[in-house]
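A.B. asks: Following this message is one structure expressed as structure tokens.
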Amino acid sequence: MNVLGIIASGVAALFITVALAKSARRVALRPHVPDEPGGRAPRAEALRRTGGATAVLGVGAAAGTALWLGAADDAAGSVAGLLAGAGTVAVLGLVHDLKPLWVALRLAVQTAAAVLVVCLSGMSPAAGVLTVLWIVLVTNAFALLDHVDGVLTAVGVVTAAGLLACAVVGGNLALALLPATLAAGLAGFLLHNWHPARLQLGACGAQFTGFALAASGALIQAAAPSGRAAWAALPVLATVALADTALVLISRRRAARSPLRDTDDHIAHRLRRVRVTVPGAAVLMALWAGVPVATGTLVHAQLLHPALLLLPLAGTAAAVFALLRVPAYAPSRPAASSPGSSRTTSSRRAPSGAAPARTAAARHATASTAGAAIPAAASAPGGTGSASGKGASKGAARTAGGHPTVPPPPTGRPAAETATAAAERG
């Protein structure tokens, strides 16, 4: 495959993605799309969420056509395995967009797709195991970047361009096919994914992008000449994605939160909390990714010493440490206790024989209740008055416990007999 073929494949991926995304955007923004039965989300929202399938189809169609035309004869097996694995992960992501899947199932499918890439590339068993772990890790790290409009798309374009440059410098033009088409396809999709996003990559486009970048980098590294520092240069290209994953895991660990529960604690979210706009966050992260990508590409081309790779890594570590100081979680609020429970607690803490504390409103309600049940004759001096006071204390306790104050039901007896009976019970 020559450079002209790479350019033609990239242009084809760009136009196909733009055309498909434009059609999907028209359908998603159509105002008369009815809701799905059963009270579920509208079909337009589901189409907007799965818009990354347009980028997958554009990139896959351009790269698959070039492979079918014999553009990668010298590495047809590796490129075919790469496309097959990325397509499998994309289908998995599309199913996850429509109906969420278990994490274990997603990891199992990603591992199987990575094993397919390794087997068709002819790597040794030891290198193959490390490559599979690397592909699964980087795939999920890039997929986590799809949390703000345009962030993953912009970072993906920068990373794919760096992989394309590394493949061309290393003389692996066949392995440059997928990075070239991916960079062009993501650039076309960015027109619809920029804030405010009309289409989103979703799990389908995000996992496809992460898998294609991770697997392409692993294959380019395996095919690089032994004299090049590819083992140190190519992993640096995933610095931003790995930094975001490390930031999320450390932050959730400190806050005693589940690492699998997605919240607003990523890099772009913290940039938003320091008054960075959504487009500004996407631009900053693309520029951040461009520094290690450019450094890794120059080291791969033997234009810089490998020790200079420590500079972007140190800067990334310092940025992660600074972002950890930006608050990401709302402070937890203590549970408010009910009035009845507070009164019950205070009455339990009161010493034995002491009357429970009552408010003025409670005393007034108790007095009115007692007056309705026992007339003024009951307040005459004698034992009857003390008995009625004891009954009033019982009614007051019930009122302080939170029960409504209502007059007692009629007994059918005169008030004097009622007061006498109460005195006898006392």
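Every number here is computed from the coordinates shown, using simple stated rules; none is lab data. Because the structure is predicted, anything quoted here is derived from the model rather than measured. Note that we place each Cβ from the backbone using ideal geometry, even for glycine, and neighbour counts take in every protein chain shown.
A.B. asks: Would you work out if segment 220-282 is rounded, prolate or oblate? Take a ≥ b ≥ c from the square roots of the eigenvalues of the alpha-carbon gyration tensor; rounded if a/c is under 1.5, else prolate when a/b is larger than b/c, oblate otherwise.
C.D. replies: Values: a/c = 4.01, a/b = 1.88, b/c = 2.13.
Taking the square roots of the gyration eigenvalues as a ≥ b ≥ c, segment 220-282 is oblate.
A.B. asks: Return the FRET efficiency for the residue pair ASN2, LEU308: r is the Cβ-Cβ distance, R0 is 30 Å, and the value is rounded to the nearest 0.05. Write out the running numbers ahead of the final one.
C.D. replies: Working: r = 32 Å, r/R0 = 1.06.
Step by step, r from the Cβ atoms, then E = 0.40.
A.B. asks: Around GLN207, under 12 Å between beta carbons, what's the net of Lys plus Arg minus Asp minus Glu among the other residues?
C.D. replies: Numbers: positive: ARG106; negative: ASP97, ASP146.
In short, -1.
A.B. asks: Cα centroids of segment 45-78 and segment 250-319: how far apart, whole angstrom?
C.D. replies: After rounding, the separation between the Cα centres reads 28 Å.
A.B. asks: For each of VAL283, VAL27, count neighbouring Cβ atoms within 10 Å of the residue's Cβ, then give the residues from fewest to most.
C.D. replies: Values: VAL283 15, VAL27 12.
Arranged by neighbour count, lowest to highest, VAL283, VAL27 become VAL27, VAL283.
A.B. asks: Further question on the same structure: As an exercise, use a Förster radius of 41 Å and the Cβ-Cβ distance of LEU260 and ALA76 to find the FRET efficiency, rounded to the nearest 0.05. Kindly include the intermediate steps, with their values, before the conclusion.
C.D. replies: Details: r = 39 Å, r/R0 = 0.94.
With a Förster radius of 41 Å, E is 0.60.
A.B. asks: Taking the Cβ-Cβ separation of LYS22 and LEU101 as r and a Förster radius of 22 Å, what is the calculated FRET efficiency to the nearest 0.05? Could the numbers behind the result be given before it?
C.D. replies: On the way: r = 30 Å, r/R0 = 1.34.
Given R0 = 22 Å and the Cβ-Cβ separation, E is 0.15.
A.B. asks: While we're on this one: Hey, what do the phi angles of segment 161-175 turn into as Karplus ³J(HN,Hα) couplings, whole Hz, using 6.51/-1.76/1.60 and θ = phi - 60°, x for Gly and Pro?
C.D. replies: Computed from phi, the couplings for segment 161-175 are 5, x, 5, 4, 5, 5, 5, 5, 5, x, x, 9, 5, 5, 6 Hz.
A.B. asks: When VAL129, VAL148 are ordered from fewest to most other Cβ atoms inside 10 Å of their Cβ, what list results? Write out the running numbers ahead of the final one.
C.D. replies: Values: VAL129 13, VAL148 21.
Final ranking by Cβ density, sparse to dense: VAL129, VAL148.
A.B. asks: Still on this structure, I have one more. For the peptides 186-198, 315-327, 80-92, what is the packing order when you average, over each peptide's residues, the other Cβ atoms within 10 Å and list the highest mean first? Before the final figure, lay out the partial values.
C.D. replies: Working: 186-198: 20.6, 315-327: 13.8, 80-92: 22.5.
Result, highest mean first: 80-92, 186-198, 315-327.
A.B. asks: Which value, in debye to the nearest 20, gives the size of the charge dipole of segment 38-145 about its Cα centre, when Lys and Arg are +1 and Asp and Glu are -1 at the Cβ?
C.D. replies: Working: 6 positive and 4 negative charges, 116 e Å.
Charge dipole of segment 38-145: 560 debye, to the nearest 20.
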